[in-house]
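Taking it in order: structure first as structure tokens, then the write-up.
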Amino acid sequence: MYVLTVPEPPLLAKDRRVVTMPSWVPAVGLTLFPHVGGILGGLITRKEVKTWYTTLVKPSWRPPNWMFAPVWTALYTSMGYGSYLIYKELGGFTEDALVPLGLYAGQLALNWAWTPIFFGAHKIGWGLVEIATLTGTVVLTTISWYPISRTAAYLMLPYIAWLSLATSLNYVIWRDNKDKSE
């Protein structure tokens with residue numbers, strides 16, 4: 001027995017439905033997206049900063065605890081808007097966007113992973129390895145963004161500066177508290 005199948009007729013141009021979103025949706029979405037991990041990390045940090053973190057020896061030059069939330073809010077907003085500029089310049093999630101937005105996604109995942117490693121698991125040494133890897137990935141992301149959008153690349157510079165401070169802080173805390181890393 002033979003079954004004859006008839007292909008569906010092609011869609012007529014008038015039958016195609018193209019869904020477009022307002023231009024502000026990717027701008028707002030990509031700008032706010034980094035805050036997702038920041039908020040989740042903040043839940044871990046809030047508990048540990050009052051308990052375990054107080055038992056650690058910290059350098060005198062460490063920023064006060066109250067400073068971290070506003071700084072990270074500004075940095076997440078800045079990097080998120082930078083990612084939108086790259087997205088917009090390259091026409092969305094295109095083949096050309098694979099490397100610059102892929103590096104960005106990688107650094108964002110590394111960024112979000114640091115808090116559970118350092119504060120959640122109390123793995124100060126692994127936190128140091130992770131944040132050093134994060135910093136390198138952010139530098140590569142910034143370099144990949146520069147030819148596409150200098151503004152986007154410049155928006156990453158405060159993030160690199162803060163990560164340099166944070167990496168140094170993580171190192172000193174690891175060095176001075178090797179016995180308190182679980």
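The values are calculated or read from the model by the stated rules, or taken from the named source; none is laboratory data. Just so we're clear, the structure is a prediction, and the values are computed from it rather than from any experiment. Neighbour counts are summed over all protein chains in view; Cβ atoms, including those assigned to glycine, are modelled from backbone coordinates with ideal geometry. All accessible areas refer to the heavy atoms of the entire protein, side chains included, with ligands and DNA or RNA removed. Shrake-Rupley method; radii C 1.70, N 1.55, O 1.52, S 1.80 Å.
Things worth noting here:
- Surface composition of the chain: carbon and sulfur make up 68 percent of the accessible area, probe 1.4 Å.
- Residue list for segment 31-69, given a label point 7 angstrom along the Cα-to-Cβ vector of R175 and an amide N cut-off under 20 Å: 55-64
- The residues of segment 28-77 expose, per residue, 60 Å² of accessible area to a 1.4 Å probe.
- DSSP-assigned coil residues among trypsin sites (Lys or Arg not before Pro) in segment 118-182, each with at most 11 further Cβ atoms within 10 Å: none
- Note on V49 and A105: their simple-model spin labels are 3.1 nm apart, each label 7 Å out from Cα toward Cβ.
- By the helix-only formula, in which each DSSP H run with n ≥ 4 contributes -39500 (n - 2.57) and the sum is divided by residues, the chain has a 222 nm mean residue ellipticity of -22500 deg cm²/dmol.
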